[in-house]
Amino acid sequence: LKAVFASLKSWSPQKTAQTAFAANKTRNRYNNVPCYDDTRVVLKFDVPPEVDYIHANYVKTNLCKLDNKFICTQGPMDTTINDFWRMTWQEKPRSIIMLCTVTEGGKPKCAQYFPGKTNETKQFSKVVVQNVRTTSPASETVFESVQLNVCVTDFGVPA
């Protein structure tokens with residue numbers, strides 16, 4: 001196994017500027033996981049230019065000879081939940097895969113950024129999220145589909 005691992009090609013990104021990452025330290029969960037400027041998701045929905053940052057990057061891969069495109073982002077913090085849902089509204093992913101639990105060993109790992117109970121609805125800024133169905137096992141969170149509604153005032157338009 002070690003020989004196989006050693007034979008794998010190493011890869012380093014060619015464009016590694018992290019200007020936005022460095023300028024938004026309070027919006028990053030970890031200071032040692034960079035967000036590269038060249039591939040970062042720039043928030044456009046309902047956002048002034050000075051806060052177009054979310055720690056999220058577009059990723060393309062050709063695994064299994066399939067053209068896969070996805071976004072890697074950190075688990076939202078209490079202060080970035082609205083940014084997460086604005087990004088979700090903007091990018092319209094088919095699924096959201098959570099790779100952590102909200103707590104681990106009694107310590108918070110990720111903010112509760114979605115309604116936890118079936119039929120529960122939560123509003124995050126202008127985005128309303130509803131838990132349509134909850135499935136077991138309880139240790140896993142699966143978003144089979146995401147339906148989003150934007151709250152717009154009468155005679156208003158989405159930004």
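Protection proxy ranking of 30-39, 99-108, by the mean of other Cβ atoms within 10 Å over each peptide's residues and highest first, is 30-39, 99-108. Given points 7 Å out from each Cα along the Cα-Cβ axis, report the THR61 to GLN130 separation in nanometres with one decimal. Inter-label distance under the simple model: 3.4 nm. Peptide packing for 122-135, 82-95 was compared via the average number of neighbouring C-beta atoms within 10 Å per residue; ordered from the highest value, the list is 82-95, 122-135. Note on LYS2 and THR19: their simple-model spin labels are 4.4 nm apart, each label 7 Å out from Cα toward Cβ. Each of GLU91 and THR26 was given a label point 7 Å from its Cα along the Cα-to-Cβ line. The distance between the two points is 2.4 nm.
We did not get these values from a lab; they are worked out from the coordinates using the rules stated. Remember, predicted model here, so these are calculated numbers, not experimental data. Please note: Cβ atoms are built from the backbone with ideal geometry, for glycine as well, and neighbour counts cover all protein chains shown.
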